[in-house]
Amino acid sequence: MARILLFNQYFPPDSAATAQMAALVAGTLAERHQVTVLAGRPSYDPAERHPAYLLRRERGGDVIVERVGSTAFPRRRMAGRLANYLTYLALAVPRALALPADLLLAMTDPPVAGIAGALAAAVRRRRFVYNVRDLYPDMAVAGGLLRPGPWTAAWDRWHRWALRRAHRVIVLGDDMRDRLVAKGVAPERIAVVRDGGPPPTVMAADHPVVRAVRGPYPFVVLHAGNLGFAGAWQTLTRAAALLDGAGAGLVFVGDGAAAPTIDRAAEALPQVRRLPYRPADEVPYVLAAADLHVVTVRRGLEGVVVPSKLYAVLAAGRPVLAVAPEASDVARIVRRYGCGFVADPDDPVAVAAAVRQAMASPDLLETMGRRALAAAADFERSRQLAQFVRVVEEALA
């Protein structure tokens, strides 16, 4: 039984997606190993907030959670977010050096967590596994948070060092793997382990939540999830304008930085609507409400971000409209399994044409839905977590 230290700022009650995945990874590893999570005070829209402390130890099942007393400012302001990051790093790195461990596993919260984890592992001569969930500094530059310059160049050099230092690098998709190979990481040290989704489940279409999401539209093209900087939102709304009178509605369920763009389109176009997030227990019915599900990645971001919402869509047995570059992981999966359509994220005409083809081909849509269910079995979360454990144990061997 090995001692594994998981280095990630967010952990439940934080609501971040990385917090949820960190909990799943830690729980799965703890079935075979001694696992300690080194987290910060909850700050990512947490279900509960903690008072100030320097260090706090908790136990959740077989997992020990050590929390350093980082600041816990709301994420709305960048200054508060940076304070949370910096205080976490300032307190967590010395603690990581002190805790006993055979292997250090780092994720990407905060964005330099991989560098900090690699440094701690190198100082203590521990094995190091790096789970790259978002690719930095590429993501910060692409999102407009930083301009390319000496600082981002230095960050990239340090990040490449961390990648080279890792015994194994775990990435979320083949496109991210290609990015890291281009950065000089040996292909044999990279493992693709996707977040995966629930077991395949098809929900009843006649449900109040389904009716509320579908609204007045005979054919619903749905995007459910975060409206962040990574999506081709303008392409989608322009495609919706081209579908005026076709009977299709473009429905967005969620929130994020692009919400104002979607709301302006909805004011001008009756075939566009944005709805708030639904409670977690209603999400399966939200997924069942679509005739066609949108998963989108802006050009240039393939391999920088990998949308995990795809796997829940597949598990719902719904066909996919991948508005993403052909090299993206989502487009490759859709092509491989024949479970949907792929459209250029810069071409509204191509997106509208794909929707019209879907509307005109109910038998094809039904076939694509069955293929989506078959694909979902390959990406079931339990299988992906088992693969994650195997990769970590290979690094320990």
| Residue-normalised accessible area of the chain, expressed per residue, 1.4 Å probe, Å² | 42
| request: Beyond 18 Å, what share of the Cα-Cα pairs of region 1-63 is found? Please give it as a whole percent. | output: 33
| What is the Cα convex hull volume of region 215-353 when expressed per residue in Å³? | 98
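For region 25-141, take N as its residue count and report Rg(C-alpha) divided by 2.2 N^0.38 Å. Intermediate values should be presented prior to the final figure.
Numbers: Rg = 14.2 Å, N = 117, 2.2 N^0.38 = 13.4 Å.
It is 1.06.
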| message | For region 312-334 and region 166-238, what is the centre-to-centre distance using only Cα atoms, to the nearest Å? | response | 7
| remark: By the mean-Cβ-within-10 Å protection proxy, highest first, 232-239, 153-160, 74-81, 315-322 rank as 315-322, 232-239, 153-160, 74-81
| query | Ordered by residue, what ³J(HN,Hα) values in Hz, to whole numbers, does region 287-297 give under the Karplus form 6.51 cos²θ - 1.76 cosθ + 1.60, where θ = phi - 60° and Gly and Pro are x? | reply | 5, 6, 6, 8, 7, 8, 9, 8, 10, 10, 9
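Evaluate 2.2 N^0.38 Å with N set to the residue count of the chain, then give the Cα radius of gyration divided by it. Don't jump to the answer; show the numbers that get you there.
Details: Rg = 21.4 Å, N = 397, 2.2 N^0.38 = 21.4 Å.
Here the answer is 1.00, to two decimals.
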| request: Considering Cα pairs under 8 angstrom that are at least six residues apart, work out the relative contact order of the chain and quote it in whole percent. | output: 14
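Carbon and sulfur atoms: what percent of the 1.4 Å accessible area of region 33-132 do they account for? Kindly include the intermediate steps, with their values, before the conclusion.
Values: 2460 of 4430 Å².
It is 55 percent, rounded to a whole number.
The values are calculated or read from the model by the stated rules, or taken from the named source; none is laboratory data. What you see is a predicted model, and the numbers here were worked out from it, not measured in a lab. Reconstructed Cβ throughout: ideal geometry from the backbone, glycine too, with neighbour counts over all protein chains shown. Ligands, DNA and RNA are stripped out before the accessible areas are found, and what is left, the full protein with its side chains, is counted by its heavy atoms. Shrake-Rupley method; radii C 1.70, N 1.55, O 1.52, S 1.80 Å.
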